[in-house]
Structure formats: structure tokens, C-alpha cells
1. Looking only at segment 122-145, how many residues end up being within 12 Å of the ligand (Cβ to nearest atom) and surrounded by 18 or more Cβ atoms within 10 Å (Cβ to Cβ)?
2. State whether the residues of segment 36-48 include one that is of a type in the set (D, E) and closer than 26 Å to P143 by Cα.
3. Inside segment 54-74, can you point out the residues that are touching a residue at least 12 places away in the same chain (Cβ under 8 Å) and either assigned to a strand (DSSP E or B) or farther than 18 Å from S88 by Cβ (or both)?
4. Checking the condition near the ligand (Cβ under 10 Å from one of its atoms), basic (K, R) and within 16 Å of the chain's Cα centre (by Cα), which residue from K58, K51 passes?
5. Can you find a residue that is in contact with a helix residue (DSSP H, G or I) (Cβ under 6 Å, 6 or more places away or on another chain), near the ligand (Cβ under 8 Å from one of its atoms) and of a type in the set (G, A, S) anywhere in segment 71-89?
6. Quick one: count up the residues across segment 210-221 that are assigned to a loop (DSSP other than H, G, I, E, B) and in contact (Cβ under 8 Å) with a residue 40 or more places away in the chain.
7. Determine, yes or no, whether T155 is in a helix (DSSP H, G or I), among the β-branched types (V, I, T) and either touching a strand residue (DSSP E or B) at 6+ places or on another chain (Cβ under 9 Å) or within 15 Å of A97 (Cα to Cα) (or both).
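Read-outs throughout are calculated quantities, based only on the coordinates presented, and are distinct from any laboratory measurement. Because the structure is a prediction, the values reported are computed rather than measured. With ideal geometry, Cβ positions are generated from the backbone for all residues, glycine too; neighbour counts draw on all protein chains shown.
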Amino acid sequence: MTKPPIGRKLGQKVKSGKLKASSRRWLERHINDPYVQRAKLEGYRARAAFKLLEIDEKHQVLKGARRIIDLGAAPGSWSQIAAKVTNSTDEDIRVAAIDFLEMAPLPGVKILQLDFLDDDAPRQLIEAIGGTPDLVLSDMAAPTTGHHRTDHLRTMHLCEVAAYFAVEVLGPGGHFLAKTFQGGTEKELLDMLKRNFKQVIHVKPGASRQESVEMFLLAKGFKGRQTGVSEVQDEPAEYVDERESWTEDQGR
Ligand SMILES: C[S@@+](CC[C@H](N)C(=O)[O-])C[C@H]1O[C@@H](n2cnc3c(N)ncnc32)[C@H](O)[C@@H]1O
């Protein structure tokens with residue numbers, strides 16, 4: 001497991017003042033979140049860093065990666081990790097990050113401020129790293145509208161487009177990791193990943209808030225494109241469900 005969080009005293013309250021109750025609750029949760037404190041101490045731009053690090057600790061997705069694409073990258077904690085593991089430098093860029101939000105520069109990372117759904121995004125991403133990626137990461141979450149079903153469908157769509165992109169661009173043996181939602185992964189998408197990767201895993205890292213429907217889909221060991229995306233006839237992948245017991249209405 002990752003190290004226990006250290007830092008400021010937890011359990012702090014925020015004075016009611018002018019804040020709306022929901023904003024106060026958010027702020028309280030944020031300042032008392034041990035992962036937020038640890039991210040600050042360890043120099044990560046977001047607590048999301050620990051989701052990737054925890055998944056990696058168990059499934060070794062980063063080991064040996066030479067080129068990484070990070071989809072939905074802002075503010076940039078996954079890209080920070082990606083630049084480190086690939087030894088990416090500004091002279092020899094091995095990490096491409098895309099987000100429609102502005103992201104502060106990071107050494108060794110080519111940042112594209114662009115919608116991943118833009119037709120030209122795949123070409124620009126591949127061009128940025130100058131070769132075949134061995135890891136495609138997606139932490140993309142659609143901006144929330146407040147309408148649960150709409151938000152859910154939009155993020156699931158991003159996950160699906162990211163998965164087809166990964167199958168188009170990954171080198172053999174490469175991995176794909178993407179944010180998805182509990183209960184949301186379409187059978188068709190799961191079947192496609194199982195055909196194209198050796199192992200497919202649903203995982204909920206400790207850093208992903210228990211009350212959130214967020215989880216991650218990890219597809220390991222890309223089989224390659226020899227026979228075309230939809231025609232791979234190899235044995236289906238091993239499927240592992242690592243989510244803890246979960247009920248449909250948790251986190252809604
Ligand atoms: C949870 S954040 C990513 C955090 C990031 N992994 C980190 O470690 O800092 C999700 C990001 O996905 C981005 N996003 C959502 N839809 C996108 C799209 N269509 N194209 C590019 N970025 C997108 C959002 O703007 C947001 O910054």
C-alpha cells in the first residue's frame with residue numbers, strides 16, 4: 001500500500017460565514033483529505049496522482065513505459081508521474097498531455113490545449129511523442145451538468161473513445177487505463193477490450209473516494225493490430241473485477 005498520509009491535523013471545520021452549506025462541506029472535505037495534504041507535500045498538482053500510483057503499485061502499468069499519452073490531463077499530476085517514468089525531457093519529449101483546460105507547463109510534457117474529441121487530436125498526440133505509445137491514460141471526466149444520467153453518459157462516451165484510440169495507437173504489450181463509472185461500462189466496450197488485451201480489470205483504488213461512482217478500467221498487454229481491431233480472434237482476456245462489494249445506489 002502507499003504510505004499513510006502525513007501533514008496538517010485532520011478533522012478541521014470551516015466557519016459557516018458566507019459560504020453555502022454545500023460549498024462548506026466540499027471545502028471541509030478538501031482540507032481534511034489526507035491525499036490532498038500528501039499531494040502538497042510530495043509536489044503533485046492533484047490528489048489524483050495517488051490513484052495512478054496505487055493502481056501502478058498493484059498492476060505495474062508504468063514500469064518500462066517509454067512513451068505515454070495522458071488524456072484529460074489538467075492540472076497535471078498524472079503527467080508529472082509520466083514524465084518521470086519515461087525520463088522525458090524538453091529535448092526528447094515522451095509524454096503528450098491533452099485537456100481543453102489550460103495547464104501550466106511541465107518539463108518533458110507536450111501540452112495540447114484541445115478537446116480530445118476534436119478530429120485532429122489523435123494525430124497531434126502521436127506527433128507530439130514522435131513514436132508509438134506503450135501506455136494510454138485517460139482520467140477524462142465530462143464537465144458536470146448536475147443531471148446525473150447526462151454526466152454519466154458523457155464520461156462513459158469519453159472512456160469509449162479513449163479505448164478505441166488506445167487500440168489504434170498502442171504498441172504490442174501496451175496498456176490502457178481509463179476512468180469510468182460504476183455500472184457504466186458497456187458490454188460492447190468490455191468485449192472489445194477483452195479481444196484486444198490479455199487482461200482486463202475493473203479497479204477502485206483507495207484514493208478514489210468511496211462515495212464516488214468513479215472507478216478505473218485497466219486493459220493490460222495489448223495484443224497488437226495484426227488482424228485488425230474488430231477481428232482479433234485470439235483467446236478472450238482474463239477478466240478481473242477488483243471492486244469491493246458495491247451497491248448501485250452508493251455515491252449518488
Ligand atoms: C479529473 S481531471 C484530470 C486530473 C489529472 N489526471 C491529474 O492528475 O491532474 C479530468 C480532466 O478531464 C478533462 N476533460 C474532460 N473532457 C475532455 C475532453 N473532451 N478533452 C480534453 N480534456 C477533457 C477536464 O477538463 C479535466 O481537466
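1. So the count comes out to 5.
2. Going through segment 36-48, the residues of a type in the set (D, E) turn out to be 42.
Checking the rest, the ones that are also closer than 26 Å to P143 by Cα come to none.
For segment 36-48, residues of a type in the set (D, E) and closer than 26 Å to P143 by Cα: absent.
3. E54, I55, E57, K58, H59, I68, I69, D70, L71, G72
4. Numbers: K58 fails: near the ligand (Cβ under 10 Å from one of its atoms).
None of the other options fit; the residue is K51.
5. yes
6. Taking segment 210-221 first, the residues assigned to a loop (DSSP other than H, G, I, E, B) are 210-213.
Next, only the ones that are in contact (Cβ under 8 Å) with a residue 40 or more places away in the chain stay: 210-211, 213.
Total meeting the criteria: 3.
7. Details: in a helix (DSSP H, G or I): yes; among the β-branched types (V, I, T): yes; either touching a strand residue (DSSP E or B) at 6+ places or on another chain (Cβ under 9 Å) or within 15 Å of A97 (Cα to Cα) (or both): yes.
Considered against the rule, which asks whether it is in a helix (DSSP H, G or I), among the β-branched types (V, I, T) and either touching a strand residue (DSSP E or B) at 6+ places or on another chain (Cβ under 9 Å) or within 15 Å of A97 (Cα to Cα) (or both), T155 comes out as yes.
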